[in-house]
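Data first, discussion second: the structure below is written as structure tokens.
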Amino acid sequence: MTRSIIRPAKPGLVLPRRRLLQGAAAFGAATLGAPFVNRLQAQEAHPLAGQSIQMSILGIAGWLPSSLGVQMSPLFADYAKEQYGYDVSFTFAEAPFADLFQKAATSLATRSQEYNIIISDSQWLGALAQPGWIVQLNDIIAQNPELDIEWYSDIVVDTYMRYPDGSDQLWGLPQEGDTIALFLRQDMLDDPAEQEAFQAAHGMPLPRTFEDYENLTMAEFEKVAAHFNRPDQNLYGTAMQYSRVYDFVSCYLYPFMWSQGGDIWNPETGEVVGILNSDINARAMEQMRDWLRYQPPGATNFGIAEIIDVFTQGRVFSSFQWAAVGLSMITPELEGKVLVAPPPKHGEGEAARRVYTMGGQPWVLNAYNDDAHMRVAIDFLKWWYKPETALEFARRGGNPADAATLNDPGFDAINPWNRAYKYMLTEGRSRDFWHHPKYAEMLAVQQEGFSAFMTGQSDDAMGVLDYIACAQQQILADVGDAPEVPSMCYGTSL
Amino acid sequence: MAALADTAALPPPRRRADSHRGLVFVLLAPVLAFFVVFNTIPLLWLLGLSFHSFSLTSGQPPEFVGFRNYVQLWMGRNNFWGDLQRTFTFVGVGVTIQTLLGVGLGLLFWGSRTMPGRRLALTLLFAPMVLTPVATGTFFRFIYDPNFGALNQILLGLGLPMVDFLGNPRTAFWAVLAVDCWMWTPFMILMTLAALGSVPRAELEAAEIDRLPFRKRFTLVILHHGKFILMLGILLRTIDSFKTLDLIIPMTKGGPGQQTRLVAVELNKQAFESFNMGFSSAYAVYLLLVSIAMTSIFIFVLNLRRRRG
């Protein structure tokens, strides 16, 4: 009996070895080459593949977060080339805060696509959306799931995205989140002699940690500011913004009002009279003016830049400042010497609370962009909100606003101000003000009035509030968004 | 002779007169076109817009509101009368100081023609006038700064207290006015030198020979011949000062409160910050009327000599 050397075929699937090897090789090649093929397919699928596009961004001059958006755009150019197969380059235009809206509006009013992407201020959403100058983003977000992002809190949506307030219309996406934080000289707080002197003078320990300041009230912080207020040594307790320029004094007075239960208008009826000119708000104005005693001479002209100057030059122990300029506040010389904490609460005991003003800016898209520029603008936004881009933005000193980045365990450690920023970005601790198209006009009246009181041109806080409330309601009434002003308004003046 | 008389009696050749008129029209046409396109049409547009409610940010077309914008201004909306009063103070005080200083310094320069370095001194003196007001305003803001400004460092060095020149409502207006005077006094020096140049040398020499005291020489000779050039200088400064905007924006933005808010500052704000095109047009028409009134007064004064003659 001879044994067959050919094994009988087993029942079922039988593959010859050669074919098996061929298949395995093909599978391996396909696996290794899949990303490349997919990318090729993606590039082929992109309608702009092979084209060169020139984009322009309008941003805020001298504003670090805005310039970060600009500085990072070459990274998008690399990404777009690799992912979509088109070349993109960027040009940039900029103007200071107070002039940016004017620059944008005069261009958009002529239906120009001079600026394809604009870094707007949050309060301008209404003024840009109402005439149809910027794109409503609801459909774009629905069509691009990458833009349907979970934000850190609802105030992100209310501040940077939504207009009108309470509606579901979205017009912007956050470029930079921002809140007010308290910058303090940690090295002074850590000085045992200072701690001892403070304890002896006030019978309480000198607040030194983030947690200490989280629980601190303005009355308690006043003791700290007074302790370090030494004009004879050219050192002052703190610095706030009182400048008449743009929204500077308003943003810093609102926390005094809101935190103590005051309000500024009724967004549903447009009424301002009887709401802004309240006893609480009048008292808040007096309180803010009283704080001038702990600030350097000329504080009534202080804006963002002036506060950076006095803090970095060691003229003040502390400063209320936007988290967005943390990089400018903490110079290399001050590294490790600054504590950034939540700003104090207003009021006493259980009733004490803090409601500070939101800062930050959204991206908005020019409605007159042609298809190609609109497509690139959307691609740019999709790239901007990729986790690795958001993280890179934070590493460079920016403040992302998406939940994934802010909830990352390492986020707090990236920058000294990140923890305070995140703390203040929580619902109820910060809020924005009007997004109405008449924002600029209402703001101008208010800045004049608040500045008149803070500089001593007027000592009648309620009189100033009457003037502002009447003027603002008249502005809204003129466009049919508020009832006519009551008779008490006739003849009010600063 | 008769032939000559016949020729003299003939009317001038019509064709020549017509071609001359045609040439005049051709030469004037570019200027007229420029005037119509850049002056008349915008002015009419402005006038039309002033009867409308139109905000650039509303997304709505202009709405005809009749005289509402004018009435609101007349009733003092946005503190119009306060701004106007402040502007008149700024113009009146500023131009007076500039004229007095300008005439005084001009006379000194006129009398120092042999002084070495006179040309250099004059060039340096005229430098503020050629600087852009925005740049001037910006560096004076730094000079006035209470924390880092040079002026306060000097005050401190002299043992004087620090002054917040631009933040204090009592000093801000005068601090801005001082910069305006620093900037524009050289212009009045220039006009004074031009006026002195128009005085006949013989009359000046005769006054010297007669040993007229300086006061009489100034009033009877110099002012008699030079007053019209000086008046022209004052007129130009008044009109220019009435429009002051670019100096104030970088210095105070009209603050503190409304202390340095002149009419041009408010007009700029209404038009290009608030985008209230209708209201700001009415504002501009009011200012135009005020400017026309002021110019008419000056032209009347300038023409007095001819009328008396």
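The values are calculated or read from the model by the stated rules, or taken from the named source; none is laboratory data. Fair warning: this is a prediction, and the values are worked out from it, not measured in the lab. No Cβ is skipped: glycine too gets one built from the backbone with ideal geometry, and neighbour counts run over all protein chains shown.
Residue-by-condition table, conditions (1) assigned to a helix (DSSP H, G or I); (2) over 18 Å from the mean Cα position of the chain (by Cα); (3) free of Cβ contacts under 8 Å to residues at least 24 places away in the same chain:
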site: B:Val176; (1), (2), (3): yes, no, no
site: B:Val179; (1), (2), (3): yes, no, no
site: B:Met183; (1), (2), (3): yes, no, no
site: B:Glu203; (1), (2), (3): yes, yes, yes
site: B:Ala207; (1), (2), (3): yes, yes, yes
site: B:Arg211; (1), (2), (3): no, yes, yes
site: B:Arg215; (1), (2), (3): yes, yes, yes
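Among the residues in the stretch B:53-69, are any assigned to a helix (DSSP H, G or I) and within 14 Å of chain A (Cβ to nearest Cβ)?
Narrowing the stretch B:53-69 to residues assigned to a helix (DSSP H, G or I): B:68-69.
If we keep only those that are within 14 Å of chain A (Cβ to nearest Cβ) as well, we get B:68-69.
There is at least one residue in the stretch B:53-69 that is assigned to a helix (DSSP H, G or I) and within 14 Å of chain A (Cβ to nearest Cβ).
For residues in the stretch B:268-309 being of a type outside the set (A, V, I, L, M, F, W, C), more than 14 Å from chain A (Cβ to nearest Cβ) and closer than 21 Å to B:Arg86 by Cα, which is surrounded by the most Cβ atoms within 10 Å (Cβ to Cβ)?
The selected residue is B:Ser281.
Just to verify a result, which residue in the stretch A:92-111, among those that are loosely packed, with under 14 Cβ neighbours inside 10 Å and under 30 Å from B:Lys253 (Cβ atoms), is nearest to the chain's Cα centre (by Cα)?
Applying the filter and picking the extreme gives A:Ala109.
Collect the residues in the stretch A:147-168 that are within 14 Å of chain B (Cβ to nearest Cβ) and surrounded by fewer than 21 Cβ atoms within 10 Å (Cβ to Cβ), keeping them in residue-number order.
Within the stretch A:147-168, just A:Pro164 meets the criteria.
If you check B:Pro169 against the conditions, is it in contact (Cβ under 8 Å) with a residue 60 or more places away in the chain and assigned to a helix (DSSP H, G or I)?
No; evaluated as a whole, the condition is false for this residue.
For B:Val91, state whether it is more than 14 Å from chain A (Cβ to nearest Cβ) and either loosely packed, with under 13 Cβ neighbours inside 10 Å or in contact with a helix residue (DSSP H, G or I) (Cβ under 8 Å, 6 or more places away or on another chain) (or both).
Answer is yes for this residue.
Do the conditions hold for A:Gln457, that is, is it away from chain B (no Cβ under 11 Å) and not aliphatic (A, V, I, L, M)?
Spelling it out, it is not the case that A:Gln457 is away from chain B (no Cβ under 11 Å) and not aliphatic (A, V, I, L, M).
Just wondering, is there one or more residues in the stretch B:248-270 that are modelled with pLDDT of 90 or more and either within 29 Å of B:Ala195 (Cβ to Cβ) or outside the structural domain of B:Trp81 (by TED's automatic domain parsing) (or both)?
Looking for residues that are modelled with pLDDT of 90 or more and either within 29 Å of B:Ala195 (Cβ to Cβ) or outside the structural domain of B:Trp81 (by TED's automatic domain parsing) (or both), one finds at least one in the stretch B:248-270, hence yes.
Six or more apart or on different chains, Cβ under 8 Å: which pairs go from a residue in the stretch B:118-146 that's away from every other protein chain (no Cβ under 14 Å) and closer than 17 Å to B:Thr244 by Cβ to one that's outside any helix (DSSP H, G or I) and among the acidic types (Asp, Glu)? Could you list them?
From the stretch B:118-146, the pairs are B:Thr132/B:Asp246; B:Pro133/B:Asp246.
Considering A:Arg185, A:Arg162, which residue is in contact with a Gly (Cβ under 9 Å, 6 or more places away or on another chain), closer than 30 Å to A:Val70 by Cβ, modelled with pLDDT of 95 or more and among the basic types (Lys, Arg)? Quick ask: steps written out before the conclusion?
Numbers: A:Arg185 fails: closer than 30 Å to A:Val70 by Cβ.
It is A:Arg162.
Do the conditions hold for A:Ala452, that is, is it within 14 Å of chain B (Cβ to nearest Cβ), touching a residue at least 60 places away in the same chain (Cβ under 8 Å) and either assigned to a strand (DSSP E or B) or among the small types (Gly, Ala, Ser) (or both)?
In short, no.
Considering only the stretch B:106-129, how many residues are closer than 21 Å to B:Ala195 by Cβ and within 20 Å of the chain's Cα centre (by Cα)?
Of the residues in the stretch B:106-129, 5 are closer than 21 Å to B:Ala195 by Cβ and within 20 Å of the chain's Cα centre (by Cα).
So A:Glu392 clears everything in (1) more than 16 Å from A:Asp247 (Cα to Cα); (2) charged (D, E, K, R); (3) within 14 Å of chain B (Cβ to nearest Cβ) except one condition, right? Which one?
Answer for A:Glu392: the failing condition is (3).
Let me confirm something: among A:Ala444, A:Ala413, A:Ala469, A:Ala404, which residue is more than 14 Å from chain B (Cβ to nearest Cβ), under 21 Å from A:Asp247 (Cα atoms) and assigned to a helix (DSSP H, G or I)?
A:Ala469
Could you pull out the residue among A:Gly428, A:Gly449, A:Gly456 that is farther than 29 Å from A:Arg162 by Cα and not aromatic (Phe, Trp, Tyr)?
Sole residue among the options that is farther than 29 Å from A:Arg162 by Cα and not aromatic (Phe, Trp, Tyr): A:Gly456.
Would you mind finding the one in B:Trp74, B:Trp81 that is within 13 Å of chain A (Cβ to nearest Cβ), among the aromatic types (Phe, Trp, Tyr) and within 25 Å of B:Val265 (Cβ to Cβ)?
B:Trp81
Let me spell it out: the conditions are (1) away from chain A (no Cβ under 14 Å); (2) part of a helix (DSSP H, G or I); (3) not basic (Lys, Arg), and B:Val265 meets all of them except one. Which number is the exception?
Single failed check for B:Val265: (1).
So is A:Ala193 without any contact (Cβ under 8 Å) to a residue 60 or more places away in the chain, surrounded by fewer than 20 Cβ atoms within 10 Å (Cβ to Cβ) and assigned to a helix (DSSP H, G or I) or not?
When the stated conditions are applied, A:Ala193 passes them.
Sort through A:Ala341, A:Ala394, A:Ala367, A:Ala352 and tell me the only one that's under 30 Å from A:Ile141 (Cα atoms) and either polar (S, T, N, Q) or in contact with a strand residue (DSSP E or B) (Cβ under 7 Å, 6 or more places away or on another chain) (or both). Even if it seems obvious, please write down each step before you answer.
Values: A:Ala341 fails: under 30 Å from A:Ile141 (Cα atoms); A:Ala394 fails: either polar (S, T, N, Q) or in contact with a strand residue (DSSP E or B) (Cβ under 7 Å, 6 or more places away or on another chain) (or both); A:Ala352 fails: under 30 Å from A:Ile141 (Cα atoms).
Being under 30 Å from A:Ile141 (Cα atoms) and either polar (S, T, N, Q) or in contact with a strand residue (DSSP E or B) (Cβ under 7 Å, 6 or more places away or on another chain) (or both) holds for just one of A:Ala341, A:Ala394, A:Ala367, A:Ala352, which is A:Ala367.
Let's see how each residue does on (1) within 14 Å of chain B (Cβ to nearest Cβ); (2) modelled with pLDDT under 95; (3) touching a strand residue (DSSP E or B) at 6+ places or on another chain (Cβ under 8 Å); (4) part of a helix (DSSP H, G or I):
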residue	(1), (2), (3), (4)
A:Ser243	yes, yes, no, no
A:Gly262	no, no, no, no
A:Ile275	no, no, no, no
A:Arg283	no, no, no, yes
